[in-house]
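First the structure, then my questions, so here it is.
The values are calculated or read from the model by the stated rules, or taken from the named source; none is laboratory data. Every value quoted in this text rests on a predicted model; they were computed, and no experiment measured them. Glycine gets a Cβ as well: all are built from the backbone with ideal geometry, and neighbour counts include every protein chain shown. Accessible surface is based on the protein model in full, side chains and every heavy atom, while ligands, DNA and RNA are left aside. Shrake-Rupley method; radii C 1.70, N 1.55, O 1.52, S 1.80 Å.
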Amino acid sequence: QVQLVESGGGLVQPGGSLRLSCSASGNIFSVNYMGWFRQPPNGPREMVAYIRFGVGFSANYTDSVKGRFTISRDRFKNTVILQMNSLHPEDTAVYYCKSSVYSAGASRDYWGQGTQVTVSS
C-alpha cells in the first residue's frame with residue numbers, strides 16, 4: 001500500500017504565497033509522476049501541475065497558473081512541492097496530491113486526503 005501525506009495550505013490574502021508539500025511512502029518501487037489537482041467549491045476537479053520523476057523530467061501546468069506556480073520534486077524522498085505565488089481568489093480550492101506509483105508489478109494512481117487553500121482578504 002502507498003500513502004500520500006500532504007502539508008501546507010491555509011488562508012492567505014490575494015497576492016500572497018503558499019507552499020504545498022506531498023510525500024509518498026509505503027511499498028514503492030518507483031514513482032512515475034506526482035502532481036496536484038484542485039477542486040473549487042461547487043466545481044470540478046482539475047489538474048494544476050504535475051512533474052515526472054524519470055530522467056529528463058518535465059513539468060506541466062494548467063494555463064491559469066503558469067508563471068505563478070512552480071512544481072518541484074525530490075526524487076530520493078518521493079516528495080513534490082508546489083510553490084504558489086501571486087495567489088488569486090479564484091485559486092481557492094481543496095488541493096489534492098496525486099501520484100502514479102509502480103509497485104508489485106503494476107502502476108497505480110494514489111490520492112492524498114486534500115488540503116484547503118483559501119485566498120481572501
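Please express the Cα-Cα pair-distance distribution P(r) of the range 22-90 as a list of whole percents, one per 10 Å bin, running from 0 to the bin with the greatest distance.
With a bin width of 10 Å, the distribution comes to 19, 48, 27, 6.
How much net charge surrounds Val12 when only other residues with a Cβ under 15 Å from its Cβ are counted (Lys, Arg +1; Asp, Glu -1)?
Numbers: positive: Arg19, Arg38, Arg68; negative: Glu90, Asp91.
That works out to +1.
Just grab the label-to-label distance for Ala104 and Asn32, each label 7 Å out from Cα along the Cβ direction, in nm (one decimal).
1.7 nm
Ser120 accessible area, nearest 10 Å², 1.4 Å probe?
Roll a 1.4 Å probe over it and Ser120 shows about 60 Å².
Also, quick follow-up: Can you tell me, using C-alpha contacts under 8 Å and at least 6 residues apart, the relative contact order of the chain as a whole percent? All intermediate terms of the calculation are to be shown ahead of the outcome.
Values: 303 pairs, mean separation 43.7, N = 121.
For the chain, the relative contact order is 36 percent.
May I ask you to give the solvent-accessible area per residue for the range 66-121, in square angstrom, as obtained with a 1.4 angstrom probe? If you can, show how the numbers build up before the last one.
Details: 2790 Å² over 56 residues.
About 50 Å² of surface per residue is accessible.
Along the charge dipole of the chain, Cβ charges K/R +1 and D/E -1, which of Ala24, Tyr61, Ala93 sits furthest on the positive end?
The Cα lying farthest towards the positive end belongs to Ala24.
Looking at the chain as a GNM with Cα springs under 10 Å, which of Asn42, Asn60, Asn78 has the largest mean-square fluctuation?
Maximum among the listed residues: Asn42.
Less than 9 Å Cβ to Cβ from Cys22, Lys/Arg counted +1 and Asp/Glu -1: what total charge do the surrounding residues give? Could you put the intermediate results ahead of the total?
Details: positive: Lys98; negative: Glu6.
With Lys, Arg at +1 and Asp, Glu at -1, the neighbours total 0.
For a quick check, take a GNM of the chain with Cα springs below 10 Å and name the residue from Thr62, Thr92, Thr70 with the largest mean-square fluctuation.
Thr62
Quick one: pull the percentage of alpha-carbon pairs in the chain with a separation above 20 Å.
Values: 2789 of 7260 pairs.
Result for the distance tail: 38 percent.
Also, quick follow-up: Per 0.36 nm of contour for each residue apart, how much would the distance between Glu46 and Ser121 grow if the chain were fully extended, relative to their Cα-Cα spacing?
24.6 nm
Could you look at the range 1-64 and say what percent of its accessible area is carbon and sulfur, using a 1.4 Å probe and all protein chains?
On the way: 1790 of 3510 Å².
Taking all protein chains in place, the range 1-64 shows 51 percent carbon and sulfur surface.
Calculate the FRET efficiency for Val2 and Thr62 from the Cβ-Cβ distance with a Förster distance of 35 Å, rounded to the nearest 0.05.
Working: r = 25 Å, r/R0 = 0.71.
Efficiency for this residue pair is about 0.90.
Moving on to the next point. In a Gaussian network model over the chain where Cα atoms closer than 10 Å are linked, find which of Gly56, Gly67, Gly26 has the largest mean-square fluctuation.
Maximum fluctuation in the GNM of the chain, among the listed residues, is at Gly56.
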